[in-house]
1. Measure out, as a whole number of angstrom, how far apart the alpha-carbon centroids of region 171-202 and region 303-359 sit.
2. Taking every eigenvalue of the Cα gyration tensor of region 386-438, multiplying by 5 and rooting it, what semi-axes result, largest first, whole Å?
3. Compute log10 of I(q)/I(0) for region 9-122 with the Debye formula, placing one identical point scatterer on every Cα and leaving out solvent, at q = 0.11, 0.15, 0.23 Å⁻¹, to two decimals.
4. Output ³J(HN,Hα) for region 369-374: one whole-Hz value per residue in order, computed from phi by the Karplus curve 6.51 cos²θ - 1.76 cosθ + 1.60 with θ = phi - 60°, and x for Gly and Pro.
5. What percentage of all Cα-Cα pairs in region 141-207 are separated by more than 18 Å?
6. If I compute solvent accessible area with a 1.4 Å probe over the protein chains, what percent of it on the chain is carbon and sulfur?
7. Okay, which of region 69-93 sit inside 19 Å, backbone N to the point 7 Å along the Cα-Cβ direction of GLU99?
8. Please list, in order along region 433-438, the HN-Hα scalar couplings obtained from phi with the Karplus expression 6.51 cos²θ - 1.76 cosθ + 1.60 (θ = phi - 60°), rounded to whole Hz, x for Gly and Pro.
Amino acid sequence: MDMEKTKKCYAVLQVEAFNSQKKRSGVLIGRNDDDTVHVHWKGAAEMILALCSSYYDASGVEKDLDDDERTKFEQIIQGMAASSLRCIAFAHKQVPEEEYQNLKEQKKLKEDNLTLLGLVGIKDPCRPGVKKAVEDCQYAGVNIKMITGDNVFTAIAIATECGILKPGQDLSSGAVVEGEEFRNYTSQERMEKVEKIQVMARFSPFDKLLMVQCLKQKGHVVAVTGDGTDDAPALKEADIGLSTGIQGTEAARESSDIVILDDSFASVATVLRWGKCVYSNIQKFIQFLLTANVATLSINFIAAVSTGEVPLTMVQLFWVNLYMDTLGALALATERPTKELLEKPPVGRTEPLITNIMWRNLLAQALYQIAVLLTLQFNGESIFWVTKKVNHTLIFNTFMLCQVFNKFNSRKLEKKNVFDDIHKNKMFIGITGVTIVLQMVMVEFLKRFTDTERLNWGQWGACIAIAAASCPLGWAVKCLPVPKKPIFSYLKW
(Lines give C-alpha, C1' and ligand atoms only; values in the text may rest on other atoms or scores of the structure.)
Protein backbone atom coordinates (compact mmCIF):
# COMPACT_ATOMS: atom_id res chain seq x y z
CA MET A 1 0.00 0.00 0.00
CA ASP A 2 1.41 3.36 -1.05
CA MET A 3 0.66 5.56 1.97
CA GLU A 4 1.47 8.86 0.26
CA LYS A 5 -0.81 8.03 -2.67
CA THR A 6 -3.58 6.95 -0.28
CA LYS A 7 -3.31 10.15 1.76
CA LYS A 8 -3.76 12.25 -1.39
CA CYS A 9 -7.12 10.54 -2.03
CA TYR A 10 -8.54 11.85 1.27
CA ALA A 11 -8.92 15.19 3.02
CA VAL A 12 -8.87 15.44 6.80
CA LEU A 13 -11.90 17.49 7.85
CA GLN A 14 -11.86 17.18 11.63
CA VAL A 15 -9.77 15.47 14.30
CA GLU A 16 -10.56 14.47 17.88
CA ALA A 17 -7.34 13.82 19.76
CA PHE A 18 -6.90 10.89 22.13
CA ASN A 19 -8.83 11.41 25.34
CA SER A 20 -7.71 9.66 28.54
CA GLN A 21 -11.32 9.34 29.70
CA LYS A 22 -12.82 8.08 26.45
CA LYS A 23 -9.66 6.07 25.63
CA ARG A 24 -10.03 6.68 21.91
CA SER A 25 -9.30 9.13 19.11
CA GLY A 26 -11.19 9.88 15.90
CA VAL A 27 -10.89 11.56 12.53
CA LEU A 28 -13.41 12.78 9.96
CA ILE A 29 -12.21 12.41 6.37
CA GLY A 30 -13.63 13.19 2.96
CA ARG A 31 -12.95 11.03 -0.09
CA ASN A 32 -11.85 13.05 -3.09
CA ASP A 33 -13.13 10.58 -5.71
CA ASP A 34 -16.82 10.40 -4.63
CA ASP A 35 -17.13 13.31 -2.14
CA THR A 36 -18.35 10.99 0.63
CA VAL A 37 -17.52 11.66 4.29
CA HIS A 38 -16.38 8.93 6.73
CA VAL A 39 -15.61 8.94 10.44
CA HIS A 40 -12.90 6.60 11.76
CA TRP A 41 -12.29 5.71 15.39
CA LYS A 42 -9.47 3.79 17.06
CA GLY A 43 -8.79 3.10 20.72
CA ALA A 44 -9.37 0.72 23.61
CA ALA A 45 -11.05 -2.37 22.18
CA GLU A 46 -13.94 -2.64 24.65
CA MET A 47 -14.67 1.09 24.29
CA ILE A 48 -14.81 0.94 20.50
CA LEU A 49 -16.80 -2.31 20.52
CA ALA A 50 -19.48 -0.66 22.68
CA LEU A 51 -20.02 1.94 19.92
CA CYS A 52 -20.46 -0.63 17.13
CA SER A 53 -23.72 -2.05 15.79
CA SER A 54 -22.24 -4.03 12.88
CA TYR A 55 -18.99 -5.64 11.77
CA TYR A 56 -17.20 -6.98 8.71
CA ASP A 57 -16.69 -10.71 8.50
CA ALA A 58 -13.61 -12.36 6.97
CA SER A 59 -15.07 -11.99 3.46
CA GLY A 60 -15.67 -8.26 3.90
CA VAL A 61 -19.45 -8.63 4.20
CA GLU A 62 -21.08 -6.25 6.68
CA LYS A 63 -23.22 -8.02 9.30
CA ASP A 64 -25.26 -6.97 12.29
CA LEU A 65 -23.48 -7.23 15.63
CA ASP A 66 -25.88 -9.29 17.74
CA ASP A 67 -25.36 -10.36 21.36
CA ASP A 68 -23.69 -13.66 20.42
CA GLU A 69 -21.17 -12.00 18.13
CA ARG A 70 -20.55 -9.24 20.64
CA THR A 71 -19.80 -11.87 23.30
CA LYS A 72 -17.35 -13.59 20.92
CA PHE A 73 -15.50 -10.32 20.33
CA GLU A 74 -15.40 -9.62 24.07
CA GLN A 75 -13.87 -13.06 24.64
CA ILE A 76 -11.25 -12.36 21.96
CA ILE A 77 -10.40 -9.07 23.65
CA GLN A 78 -10.12 -10.75 27.05
CA GLY A 79 -7.97 -13.52 25.56
CA MET A 80 -5.58 -10.98 24.07
CA ALA A 81 -5.49 -9.01 27.33
CA ALA A 82 -4.79 -12.14 29.36
CA SER A 83 -1.76 -12.72 27.10
CA SER A 84 -0.50 -9.22 28.08
CA LEU A 85 -1.46 -7.81 24.67
CA ARG A 86 -2.79 -4.29 24.39
CA CYS A 87 -5.96 -4.68 22.38
CA ILE A 88 -6.95 -1.86 20.02
CA ALA A 89 -10.10 -1.78 17.86
CA PHE A 90 -10.82 0.12 14.63
CA ALA A 91 -14.27 1.18 13.49
CA HIS A 92 -15.76 3.52 10.88
CA LYS A 93 -19.04 4.88 9.54
CA GLN A 94 -20.07 6.76 6.43
CA VAL A 95 -21.69 10.04 7.46
CA PRO A 96 -24.62 11.38 5.36
CA GLU A 97 -24.27 14.93 4.03
CA GLU A 98 -27.07 16.41 6.18
CA GLU A 99 -25.69 14.74 9.34
CA TYR A 100 -22.20 15.97 8.49
CA GLN A 101 -23.40 19.58 8.48
CA ASN A 102 -24.89 19.16 11.99
CA LEU A 103 -21.70 17.54 13.30
CA LYS A 104 -19.64 20.30 11.70
CA GLU A 105 -21.59 22.96 13.59
CA GLN A 106 -21.33 21.05 16.88
CA LYS A 107 -17.64 20.22 16.24
CA LYS A 108 -18.28 16.59 17.13
CA LEU A 109 -17.69 13.24 15.47
CA LYS A 110 -20.31 10.53 15.08
CA GLU A 111 -19.91 7.98 17.88
CA ASP A 112 -22.79 5.54 17.45
CA ASN A 113 -23.82 2.74 15.09
CA LEU A 114 -20.24 2.24 13.92
CA THR A 115 -18.99 -0.73 11.90
CA LEU A 116 -16.18 -2.73 13.48
CA LEU A 117 -13.22 -3.06 11.11
CA GLY A 118 -11.00 -5.26 13.25
CA LEU A 119 -9.02 -5.88 16.41
CA VAL A 120 -5.26 -5.70 16.86
CA GLY A 121 -3.23 -7.08 19.77
CA ILE A 122 -0.01 -5.16 20.38
CA LYS A 123 2.69 -6.76 22.47
CA ASP A 124 4.42 -4.28 24.78
CA PRO A 125 6.94 -6.53 26.57
CA CYS A 126 8.60 -5.61 29.83
CA ARG A 127 11.98 -4.04 29.26
CA PRO A 128 15.04 -6.04 30.31
CA GLY A 129 15.78 -5.48 33.97
CA VAL A 130 12.29 -4.32 34.97
CA LYS A 131 11.42 -7.50 36.89
CA LYS A 132 14.79 -7.38 38.69
CA ALA A 133 14.24 -3.68 39.50
CA VAL A 134 10.77 -4.43 40.93
CA GLU A 135 12.26 -7.22 43.07
CA ASP A 136 15.00 -4.87 44.31
CA CYS A 137 12.45 -2.21 45.26
CA GLN A 138 10.25 -4.74 47.06
CA TYR A 139 13.34 -6.17 48.80
CA ALA A 140 14.12 -2.64 49.99
CA GLY A 141 10.66 -2.35 51.54
CA VAL A 142 9.08 -0.25 48.81
CA ASN A 143 5.53 -1.15 47.79
CA ILE A 144 5.17 -0.95 43.98
CA LYS A 145 1.76 0.00 42.53
CA MET A 146 1.03 -0.05 38.79
CA ILE A 147 -1.46 2.53 37.51
CA THR A 148 -2.26 2.07 33.84
CA GLY A 149 -4.84 3.00 31.24
CA ASP A 150 -4.87 -0.57 29.90
CA ASN A 151 -7.68 -3.07 30.08
CA VAL A 152 -7.88 -4.71 33.52
CA PHE A 153 -6.91 -8.13 32.08
CA THR A 154 -3.91 -6.67 30.26
CA ALA A 155 -2.92 -4.85 33.47
CA ILE A 156 -3.07 -8.11 35.48
CA ALA A 157 -1.00 -9.97 32.88
CA ILE A 158 1.69 -7.28 32.68
CA ALA A 159 1.80 -6.80 36.48
CA THR A 160 2.21 -10.57 36.92
CA GLU A 161 4.95 -10.62 34.29
CA CYS A 162 6.79 -7.77 36.08
CA GLY A 163 6.44 -9.40 39.49
CA ILE A 164 4.13 -6.72 40.93
CA LEU A 165 1.31 -9.27 41.27
CA LYS A 166 1.69 -12.86 42.34
CA PRO A 167 0.19 -15.48 40.01
CA GLY A 168 -3.43 -16.11 40.96
CA GLN A 169 -4.22 -12.65 42.30
CA ASP A 170 -7.31 -11.19 40.66
CA LEU A 171 -10.11 -8.68 41.10
CA SER A 172 -11.63 -10.53 44.05
CA SER A 173 -8.47 -10.17 46.17
CA GLY A 174 -8.73 -6.37 46.28
CA ALA A 175 -5.24 -5.98 44.78
CA VAL A 176 -6.68 -4.99 41.37
CA VAL A 177 -9.27 -2.28 40.79
CA GLU A 178 -10.47 -0.12 37.95
CA GLY A 179 -10.21 3.64 38.15
CA GLU A 180 -13.96 4.14 38.11
CA GLU A 181 -14.45 1.71 41.00
CA PHE A 182 -11.73 3.45 43.07
CA ARG A 183 -13.25 6.84 42.24
CA ASN A 184 -16.69 5.75 43.46
CA TYR A 185 -15.48 4.52 46.85
CA THR A 186 -16.39 6.60 49.87
CA SER A 187 -13.50 8.42 51.56
CA GLN A 188 -13.44 5.82 54.34
CA GLU A 189 -13.44 2.89 51.90
CA ARG A 190 -10.59 4.43 49.91
CA MET A 191 -8.47 4.89 53.03
CA GLU A 192 -9.13 1.29 54.07
CA LYS A 193 -8.36 -0.27 50.68
CA VAL A 194 -5.67 1.98 49.19
CA GLU A 195 -2.75 0.10 50.78
CA LYS A 196 -3.98 -3.27 49.44
CA ILE A 197 -4.32 -2.02 45.86
CA GLN A 198 -1.37 -3.01 43.67
CA VAL A 199 -2.82 -2.48 40.19
CA MET A 200 -5.26 0.16 38.96
CA ALA A 201 -6.52 -0.21 35.40
CA ARG A 202 -8.43 2.23 33.17
CA PHE A 203 -7.43 5.16 35.36
CA SER A 204 -8.11 8.83 34.87
CA PRO A 205 -5.61 11.53 35.93
CA PHE A 206 -7.88 12.29 38.90
CA ASP A 207 -7.69 8.65 40.06
CA LYS A 208 -3.89 8.71 40.14
CA LEU A 209 -3.89 12.00 42.03
CA LEU A 210 -6.50 10.65 44.46
CA MET A 211 -4.37 7.57 45.20
CA VAL A 212 -1.30 9.71 45.90
CA GLN A 213 -3.31 11.91 48.27
CA CYS A 214 -4.74 8.89 50.12
CA LEU A 215 -1.30 7.29 50.55
CA LYS A 216 0.16 10.56 51.86
CA GLN A 217 -2.72 10.89 54.33
CA LYS A 218 -1.85 7.39 55.58
CA GLY A 219 1.65 8.69 56.36
CA HIS A 220 3.51 7.07 53.47
CA VAL A 221 6.31 8.72 51.49
CA VAL A 222 5.07 8.50 47.90
CA ALA A 223 7.11 8.47 44.69
CA VAL A 224 5.34 8.65 41.31
CA THR A 225 6.65 7.90 37.82
CA GLY A 226 4.98 9.27 34.72
CA ASP A 227 5.58 10.58 31.22
CA GLY A 228 2.36 12.23 30.06
CA THR A 229 0.66 15.56 30.61
CA ASP A 230 -2.10 13.69 32.50
CA ASP A 231 0.51 12.53 35.03
CA ALA A 232 1.55 16.09 35.93
CA PRO A 233 -0.91 16.58 38.86
CA ALA A 234 0.17 13.31 40.52
CA LEU A 235 3.88 14.04 39.90
CA LYS A 236 3.50 17.44 41.55
CA GLU A 237 1.49 16.08 44.51
CA ALA A 238 3.92 13.22 45.23
CA ASP A 239 6.86 13.55 47.62
CA ILE A 240 9.18 12.51 44.78
CA GLY A 241 8.14 12.85 41.14
CA LEU A 242 10.11 10.91 38.53
CA SER A 243 9.49 11.70 34.87
CA THR A 244 10.97 10.13 31.74
CA GLY A 245 13.44 12.15 29.72
CA ILE A 246 12.92 10.63 26.27
CA GLN A 247 9.18 9.97 25.95
CA GLY A 248 8.09 12.32 28.73
CA THR A 249 6.24 15.53 27.93
CA GLU A 250 7.51 18.95 28.96
CA ALA A 251 4.63 19.26 31.46
CA ALA A 252 5.63 15.99 33.15
CA ARG A 253 9.30 16.99 33.36
CA GLU A 254 8.46 20.40 34.80
CA SER A 255 6.23 18.81 37.47
CA SER A 256 8.79 16.20 38.53
CA ASP A 257 11.79 16.30 40.87
CA ILE A 258 13.94 13.74 39.03
CA VAL A 259 14.17 13.11 35.26
CA ILE A 260 15.10 9.54 34.26
CA LEU A 261 17.20 10.08 31.16
CA ASP A 262 17.06 6.49 29.84
CA ASP A 263 13.30 5.99 30.46
CA SER A 264 14.06 2.73 32.27
CA PHE A 265 12.30 1.64 35.46
CA ALA A 266 15.56 -0.06 36.43
CA SER A 267 16.87 3.46 37.09
CA VAL A 268 14.27 3.82 39.87
CA ALA A 269 16.00 1.01 41.77
CA THR A 270 19.31 2.82 41.23
CA VAL A 271 17.78 6.06 42.54
CA LEU A 272 16.49 4.17 45.58
CA ARG A 273 19.83 2.51 46.26
CA TRP A 274 21.84 5.72 45.96
CA GLY A 275 19.23 7.72 47.86
CA LYS A 276 19.55 5.36 50.82
CA CYS A 277 23.34 5.53 50.49
CA VAL A 278 23.40 9.35 50.58
CA TYR A 279 21.04 9.40 53.58
CA SER A 280 23.19 6.85 55.40
CA ASN A 281 26.39 8.79 54.61
CA ILE A 282 24.83 11.98 55.97
CA GLN A 283 23.99 10.15 59.21
CA LYS A 284 27.56 8.82 59.44
CA PHE A 285 28.98 12.31 59.02
CA ILE A 286 26.58 13.78 61.59
CA GLN A 287 27.60 11.12 64.13
CA PHE A 288 31.29 11.76 63.41
CA LEU A 289 30.90 15.54 63.64
CA LEU A 290 28.74 15.57 66.79
CA THR A 291 31.13 13.23 68.62
CA ALA A 292 34.08 15.53 68.00
CA ASN A 293 32.12 18.70 68.77
CA VAL A 294 30.67 17.37 72.03
CA ALA A 295 34.14 16.23 73.14
CA THR A 296 35.84 19.51 72.12
CA LEU A 297 33.30 21.75 73.83
CA SER A 298 33.24 19.66 77.01
CA ILE A 299 37.04 19.45 77.36
CA ASN A 300 37.67 23.13 76.71
CA PHE A 301 34.79 24.25 78.94
CA ILE A 302 35.75 22.05 81.90
CA ALA A 303 39.46 22.93 81.58
CA ALA A 304 38.73 26.65 81.25
CA VAL A 305 36.45 26.69 84.29
CA SER A 306 38.78 24.64 86.50
CA THR A 307 42.24 25.87 85.47
CA GLY A 308 41.58 29.09 83.56
CA GLU A 309 43.25 27.83 80.36
CA VAL A 310 42.20 25.65 77.43
CA PRO A 311 44.24 22.59 76.35
CA LEU A 312 43.59 23.14 72.63
CA THR A 313 44.80 26.37 71.03
CA MET A 314 43.04 28.27 68.26
CA VAL A 315 45.35 26.89 65.53
CA GLN A 316 44.91 23.34 66.83
CA LEU A 317 41.13 23.71 66.86
CA PHE A 318 41.29 25.14 63.35
CA TRP A 319 43.18 22.05 62.14
CA VAL A 320 40.71 19.71 63.90
CA ASN A 321 37.71 21.48 62.34
CA LEU A 322 39.39 21.57 58.92
CA TYR A 323 39.86 17.83 59.14
CA MET A 324 36.31 17.12 60.35
CA ASP A 325 34.53 19.39 57.87
CA THR A 326 36.56 18.54 54.77
CA LEU A 327 38.75 15.43 54.88
CA GLY A 328 36.53 13.49 57.30
CA ALA A 329 33.35 14.48 55.48
CA LEU A 330 34.86 13.54 52.12
CA ALA A 331 35.96 10.14 53.41
CA LEU A 332 32.51 9.27 54.78
CA ALA A 333 30.59 10.78 51.85
CA THR A 334 32.35 8.51 49.35
CA GLU A 335 31.02 5.29 50.86
CA ARG A 336 29.28 3.38 48.06
CA PRO A 337 25.87 1.65 48.40
CA THR A 338 25.79 -1.91 49.72
CA LYS A 339 23.18 -4.65 49.73
CA GLU A 340 22.76 -4.12 53.48
CA LEU A 341 21.25 -0.70 52.81
CA LEU A 342 18.42 -2.28 50.78
CA GLU A 343 17.67 -4.62 53.68
CA LYS A 344 16.94 -1.64 55.94
CA PRO A 345 13.30 -0.49 55.90
CA PRO A 346 12.55 2.90 54.34
CA VAL A 347 12.78 5.90 56.67
CA GLY A 348 9.37 7.21 57.71
CA ARG A 349 8.20 10.77 57.25
CA THR A 350 8.39 11.61 60.97
CA GLU A 351 11.51 9.63 61.93
CA PRO A 352 14.38 11.76 63.32
CA LEU A 353 17.61 12.19 61.37
CA ILE A 354 19.66 11.36 64.48
CA THR A 355 18.47 7.91 65.56
CA ASN A 356 18.80 6.21 68.94
CA ILE A 357 21.61 4.08 67.50
CA MET A 358 23.54 7.24 66.56
CA TRP A 359 22.99 8.76 70.02
CA ARG A 360 24.30 5.56 71.63
CA ASN A 361 27.42 5.51 69.45
CA LEU A 362 28.32 9.19 69.66
CA LEU A 363 27.71 9.54 73.41
CA ALA A 364 29.87 6.52 74.16
CA GLN A 365 32.73 7.80 72.00
CA ALA A 366 32.40 11.39 73.24
CA LEU A 367 32.40 10.32 76.91
CA TYR A 368 35.46 8.15 76.29
CA GLN A 369 37.34 11.04 74.65
CA ILE A 370 36.31 13.47 77.42
CA ALA A 371 37.42 11.03 80.15
CA VAL A 372 40.78 10.29 78.52
CA LEU A 373 41.65 13.88 77.61
CA LEU A 374 40.61 15.33 80.96
CA THR A 375 42.79 12.69 82.63
CA LEU A 376 45.70 13.87 80.47
CA GLN A 377 44.82 17.50 81.22
CA PHE A 378 44.96 17.09 84.98
CA ASN A 379 47.37 14.13 85.44
CA GLY A 380 49.23 13.80 82.16
CA GLU A 381 52.40 15.48 83.40
CA SER A 382 52.76 13.01 86.31
CA ILE A 383 51.69 9.97 84.25
CA PHE A 384 54.19 10.53 81.42
CA TRP A 385 56.76 12.58 83.38
CA VAL A 386 56.69 15.41 80.86
CA THR A 387 56.54 19.18 80.85
CA LYS A 388 53.32 21.14 80.60
CA LYS A 389 53.89 22.02 76.90
CA VAL A 390 54.60 18.38 75.97
CA ASN A 391 51.47 17.36 77.86
CA HIS A 392 49.38 19.81 75.83
CA THR A 393 50.93 18.32 72.68
CA LEU A 394 49.94 14.85 73.90
CA ILE A 395 46.36 16.07 74.44
CA PHE A 396 46.21 17.61 70.94
CA ASN A 397 47.78 14.56 69.28
CA THR A 398 45.57 12.09 71.14
CA PHE A 399 42.45 14.10 70.41
CA MET A 400 43.26 14.30 66.70
CA LEU A 401 44.04 10.58 66.45
CA CYS A 402 40.78 9.84 68.31
CA GLN A 403 38.92 11.57 65.47
CA VAL A 404 40.81 9.47 62.91
CA PHE A 405 39.76 6.23 64.62
CA ASN A 406 36.27 7.58 65.29
CA LYS A 407 35.95 8.01 61.53
CA PHE A 408 36.33 4.22 61.25
CA ASN A 409 33.63 3.74 63.92
CA SER A 410 31.31 6.05 61.96
CA ARG A 411 31.63 3.90 58.80
CA LYS A 412 29.10 1.43 60.17
CA LEU A 413 26.31 2.73 62.38
CA GLU A 414 25.06 -0.72 63.39
CA LYS A 415 27.54 -3.28 62.08
CA LYS A 416 30.26 -4.28 64.57
CA ASN A 417 32.97 -4.89 61.98
CA VAL A 418 33.80 -1.32 60.95
CA PHE A 419 36.63 -2.47 58.65
CA ASP A 420 34.34 -4.54 56.40
CA ASP A 421 34.89 -3.74 52.68
CA ILE A 422 37.21 -0.87 53.58
CA HIS A 423 39.58 -1.93 50.79
CA LYS A 424 36.89 -1.00 48.24
CA ASN A 425 36.91 2.66 49.30
CA LYS A 426 40.27 3.92 48.08
CA MET A 427 39.29 7.50 48.92
CA PHE A 428 38.75 6.61 52.59
CA ILE A 429 42.13 4.88 52.88
CA GLY A 430 43.90 7.70 51.04
CA ILE A 431 42.37 10.44 53.19
CA THR A 432 43.23 8.53 56.39
CA GLY A 433 46.85 8.18 55.25
CA VAL A 434 47.10 11.87 54.30
CA THR A 435 45.60 12.90 57.66
CA ILE A 436 48.13 10.89 59.67
CA VAL A 437 51.04 12.28 57.62
CA LEU A 438 49.78 15.87 58.05
CA GLN A 439 49.33 15.31 61.79
CA MET A 440 52.94 14.10 62.08
CA VAL A 441 54.11 17.17 60.15
CA MET A 442 52.04 19.47 62.40
CA VAL A 443 53.48 17.98 65.59
CA GLU A 444 57.07 17.33 64.55
CA PHE A 445 57.93 20.11 62.10
CA LEU A 446 55.46 22.98 62.59
CA LYS A 447 55.82 23.30 66.33
CA ARG A 448 56.20 27.08 66.24
CA PHE A 449 53.03 27.40 64.14
CA THR A 450 50.91 24.95 66.14
CA ASP A 451 52.54 25.63 69.54
CA THR A 452 53.53 21.97 70.04
CA GLU A 453 56.60 20.03 71.09
CA ARG A 454 58.19 17.03 69.42
CA LEU A 455 57.14 13.62 70.78
CA ASN A 456 59.31 10.52 71.08
CA TRP A 457 58.34 7.08 69.80
CA GLY A 458 56.95 5.99 73.16
CA GLN A 459 54.70 9.04 73.39
CA TRP A 460 53.47 8.54 69.82
CA GLY A 461 52.73 4.89 70.66
CA ALA A 462 50.76 5.93 73.75
CA CYS A 463 48.70 8.44 71.73
CA ILE A 464 47.92 5.83 69.05
CA ALA A 465 47.03 3.16 71.66
CA ILE A 466 44.65 5.50 73.50
CA ALA A 467 42.97 6.56 70.24
CA ALA A 468 42.80 3.00 68.85
CA ALA A 469 41.00 1.83 72.03
CA SER A 470 37.90 3.61 70.68
CA CYS A 471 37.47 0.79 68.12
CA PRO A 472 36.97 -2.07 70.62
CA LEU A 473 34.86 0.34 72.67
CA GLY A 474 32.67 0.94 69.59
CA TRP A 475 32.35 -2.83 69.08
CA ALA A 476 31.26 -3.32 72.72
CA VAL A 477 28.80 -0.41 72.64
CA LYS A 478 27.06 -1.82 69.54
CA CYS A 479 26.15 -4.89 71.60
CA LEU A 480 23.88 -2.70 73.75
CA PRO A 481 20.23 -2.66 72.57
CA VAL A 482 18.42 0.64 72.06
CA PRO A 483 14.66 1.36 72.13
CA LYS A 484 12.94 1.84 68.79
CA LYS A 485 11.03 4.87 70.02
CA PRO A 486 13.07 8.09 69.51
CA ILE A 487 14.68 9.33 72.73
CA PHE A 488 13.30 12.86 72.50
CA SER A 489 9.73 11.59 72.14
CA TYR A 490 9.89 10.68 75.85
CA LEU A 491 10.35 14.39 76.67
CA LYS A 492 7.08 15.40 75.02
CA TRP A 493 4.06 16.10 77.23
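1. So the separation of the two Cα centres works out to 45 Å.
2. On the way: eigenvalues 155, 38, 7 Å².
Each semi-axis is the square root of five times an eigenvalue, giving 28, 14, 6 Å.
3. So the normalised log intensities are -0.37, -0.68, -1.31.
4. 5, 4, 4, 5, 6, 5
5. Roughly 30 percent, once rounded to a whole number.
6. Values: 15690 of 26170 Å².
Carbon plus sulfur share of accessible area: 60 percent.
7. 90-93
8. Using θ = phi - 60°, the values come out as x, 4, 4, 5, 4, 4 Hz.
The values are calculated or read from the model by the stated rules, or taken from the named source; none is laboratory data. Predicted model, so just to flag it, every value in this text is computed and none were measured. Positions of Cβ are backbone-derived with ideal geometry, glycine not excepted, and every protein chain shown enters the neighbour counts. Ligands, DNA and RNA are excluded from the accessible area calculation, which covers all protein heavy atoms including side chains. Shrake-Rupley method; radii C 1.70, N 1.55, O 1.52, S 1.80 Å.
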